[in-house]
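Colleague: Take a look at the following structure, please.
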Amino acid sequence: MSSLPDKLEALAVDVNISEQSLKVFLSDGREISAPLVWFPRLLTASHEHRRNWRLIGQGIGIHWLDLDEDIAVQDLLRIK
C-alpha cells in the first residue's frame, strides 16, 4: 500500500531568479532549478523585469508580462 496519491499535479507556488538560475517551488514541496541561459529573455532582462512575474492557471505556469515570457511547470519537469 502506498501513501502517495494516485496523481500529483505539479503547481508552482513561488519563483526565485538569481543571476545564474531559475528556481520554481512546487506545492508538493519539490524545487525545480534550471540554468538561466536556457531562457534568453530572462537572461538578458533587468533584475526588475525578472522580479515582475505572476503565476498563471493557479500555478501551472509563470508569466512575465514585461518580457512576454511564459514557462509551464510541466515543461520544466520534462527538460533533460
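The values are calculated or read from the model by the stated rules, or taken from the named source; none is laboratory data. In this text, all values refer to a predicted model and were calculated from it rather than measured experimentally. Neighbour counts are summed over all protein chains in view; Cβ atoms, including those assigned to glycine, are modelled from backbone coordinates with ideal geometry. These area figures cover heavy atoms from the full protein model, side chains too; ligands, DNA and RNA do not enter into them. Shrake-Rupley method; radii C 1.70, N 1.55, O 1.52, S 1.80 Å.
Colleague: What number of residues within region 24-37 satisfy the criterion of being charged (D, E, K, R) and either touching an Asp or Glu at 6+ places or on another chain (Cβ under 9 Å) or surrounded by 17 or more Cβ atoms within 10 Å (Cβ to Cβ) (or both)? Spell out how you get there, then give the answer.
Modeller: Step one: filter region 24-37 for residues charged (D, E, K, R), giving 28, 30-31.
From what's left, either touching an Asp or Glu at 6+ places or on another chain (Cβ under 9 Å) or surrounded by 17 or more Cβ atoms within 10 Å (Cβ to Cβ) (or both): 28.
The qualifying residues number 1.
Colleague: Being open to solvent by 70 Å² or more (accessible area, probe 1.4 Å) and of a type in the set (Ser, Thr, Tyr) is the filter here; which residues of region 38-80 pass it?
Modeller: The one that is open to solvent by 70 Å² or more (accessible area, probe 1.4 Å) and of a type in the set (Ser, Thr, Tyr): Thr44.
Colleague: Further question on the same structure: Please state which of the following conditions Ala10 fails to meet, knowing it meets all the rest: (1) surrounded by fewer than 15 Cβ atoms within 10 Å (Cβ to Cβ); (2) at pLDDT below 95; (3) not polar (S, T, N, Q).
Modeller: If we test Ala10 against (1) surrounded by fewer than 15 Cβ atoms within 10 Å (Cβ to Cβ); (2) at pLDDT below 95; (3) not polar (S, T, N, Q), just (1) comes out false.
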